[in-house]
C-alpha cells in the first residue's frame, strides 16, 4: 500500500452502498436494515447460469435468497412462502422497468492488473513500429514503476473489470502486496499468483513466494476466501531446473495453483529447447508439473499429442484470442482442443491492457467465436461456461461460477431492455446468450460479490472513479517522464 495513500483518500468511497439512485424513483433497493446480510432478489426476468449438471440454462421469473454471502435458495416468482420476510434485510426489486438478466459473476482467468497504468504504451504499434519495439517500451516503463503505481494500477484494473461483470481475477505478476491490497479495497475476489521466475523482477524466487503463502497462515482455501495465493512463472525458459523442482514442492505442500505463459510464440518454444533440450510441455512433464493444479495461458503452438497429454492430466487452459491477434502470436487450434475434450478445461482471460485495452470477457468470448467459427465446434454456451463454471473449475473455485444453492453470491445484474439483448425470441430465451456475446461488452447495472453490492445503481461503492482516473493519468504522465 503506498505510504501517501491518505492524501488520496478521496479516491476511496466509504464502501456503504447508496441504495437511493441519483435519478428520482430509479432505485430497485428497499433497505430494511443497515449492513444487510439476508437479501431477497425478487422477480428476475431471466437468470442465465450453468446448472448442477454444468448445462447452461435460461430460467424465467426467478427470485434468489442470499444469506451471509451464500445463495440459499433459487425460487419461482411468487413462491416465497418458505421465506420469512420479517427476517429479510434488503429487497432488490428486479421486476422494474423491463426487468433484468442475472448471470454469475464472470471469472477472468489471466490478467496483469498492475500493468493498467501502461495503457497506451502500445497504441498504434502496427503503424508506428513493430510489436517487439512496443513491448520493449512497455518493459522500460514497467521497470520504473513504484509501489504507488502498482497499487493504483491494480485498483483501476479491478474496478474496470467489475464494471463489466467480472467478480474474480487471477493476477499473474511478480509483486503480491499491491494486487492483494487493491483487491481488498475494491472488494474483488482474487487469486494472486506471485512470480517465482520473472523477466522484470530479479527478487522473484520460490523462497519469496513461500513467504507470501505463509502469510495467509493456512494450507487450504475455501470458496469463501476473497484472496488466495498462487504461483506463476513468466515462461518455462525463464526458470531453472531447481526452480521447477521447488515449484512442484510448493504446489504439493500448500495445494496452490501454478500458472504460466506456455507456447505463446515460436520464440518461447525455441528458447525452452535451447535451455532444456525439449519443448515446454515435455519439460513440465519431466518435472511432474502437469496436473489439475497447473493453469497454462495462451497455449497457441501445441502439437495434437501435447494437447492429448494435457487433457489426460486435466491441465487448465486459458485462451487469450485478442492478445494473440494483437501480438501476432498465432492462433490456438481450437478444433484439436475440442477433439481431445480439453475445451471443457478452457477458460478465457483478458491479459493486460497493453494486450487488450478493454478488460471485458464478453468481447473476449466474441473474439474467440469469430476466430474459431470455421471449426464449427465453438458454441455460445461453451463460451459462456469459459467465463463462469469452466474458469471456476480450473482455478479450484468449487463454489463459484454458478447460481445454485450453496454457491457464493457473486452475481452480475444486466438491464434487459437494452441494446444488444433486445430483440430476442421470447419462445426461446436462450437467444439471449447469443445476443449477449455477439453484441460485445456492456456496463453492469449492479454487481454483488460475496453477498455485498460492490456496484449499485451503476455507481461503484468503494471507488470514486473520476478521482481514480485523474490519479491514473497523473501517474502515467510521470512514469513516461522517467524514460
Requested in this report: Report yes if some residue within segment 109-119 is modelled with pLDDT under 85 and either crowded, with 19+ Cβ neighbours inside 10 Å or touching a helix residue (DSSP H, G or I) at 6+ places or on another chain (Cβ under 6 Å) (or both); otherwise report no.
Outcome: no
Report task. Identify the residue in segment 320-344 that is surrounded by fewer than 21 Cβ atoms within 10 Å (Cβ to Cβ) and part of a loop (DSSP other than H, G, I, E, B) and, among all such residues, is modelled with the lowest pLDDT. Result -> 328
Report task. Could you grab me the full set of residues in segment 259-271 that are buried (at least 23 other Cβ atoms within 10 Å of the Cβ) and free of Cβ contacts under 8 Å to residues at least 24 places away in the same chain? Result -> none
Query raised in the report: What about residue 347, is it outside any loop (DSSP other than H, G, I, E, B) and closer than 16 Å to residue 54 by Cβ?
Result: yes
**Report entry** Hits in segment 146-165 - residues which are part of a loop (DSSP other than H, G, I, E, B) and out of contact with any strand residue (DSSP E or B) (no Cβ under 9 Å at 6 or more places or on another chain)
**Finding:** 146
Requested in this report: Find the residue count for segment 435-468, including only residues that are more than 17 Å from residue 100 (Cβ to Cβ) and part of a loop (DSSP other than H, G, I, E, B).
Outcome: 7
**Report entry** Single match in 314, 292, 246, 274 (criterion: assigned by TED's automatic domain parsing to the domain that holds residue 382, part of a helix (DSSP H, G or I) and surrounded by fewer than 19 Cβ atoms within 10 Å (Cβ to Cβ))
**Finding:** 274
Report task. Determine which member of the set 124, 90, 75 is in the same structural domain as residue 162 (by TED's automatic domain parsing) and either more than 25 Å from the chain's Cα centre (by Cα) or at pLDDT 90 or above (or both). Result -> 124
Query raised in the report: Taking the condition in contact (Cβ under 8 Å) with a residue 24 or more places away in the chain, buried (at least 18 other Cβ atoms within 10 Å of the Cβ), farther than 30 Å from residue 67 by Cα and in the same structural domain as residue 267 (by TED's automatic domain parsing), does residue 239 pass?
Result: yes
Query - Enumeration of residues in segment 78-93 that are assigned to a strand (DSSP E or B) and buried (at least 16 other Cβ atoms within 10 Å of the Cβ) - result: 90, 91, 92
Report task. Given the conditions (1) in contact with a strand residue (DSSP E or B) (Cβ under 6 Å, 6 or more places away or on another chain); (2) surrounded by 19 or more Cβ atoms within 10 Å (Cβ to Cβ), report the number of the one that residue 405 does not fulfil. Result -> (2)
Report task. For residues that are free of Cβ contacts under 8 Å to residues at least 40 places away in the same chain and assigned to a helix (DSSP H, G or I), tally how many sit in segment 350-371. Result -> 1
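The values are calculated or read from the model by the stated rules, or taken from the named source; none is laboratory data. What you see is a predicted model; the values in this text were computed from it and never measured. Cβ atoms come from the backbone with ideal geometry, glycine included; neighbour counts cover every protein chain shown.
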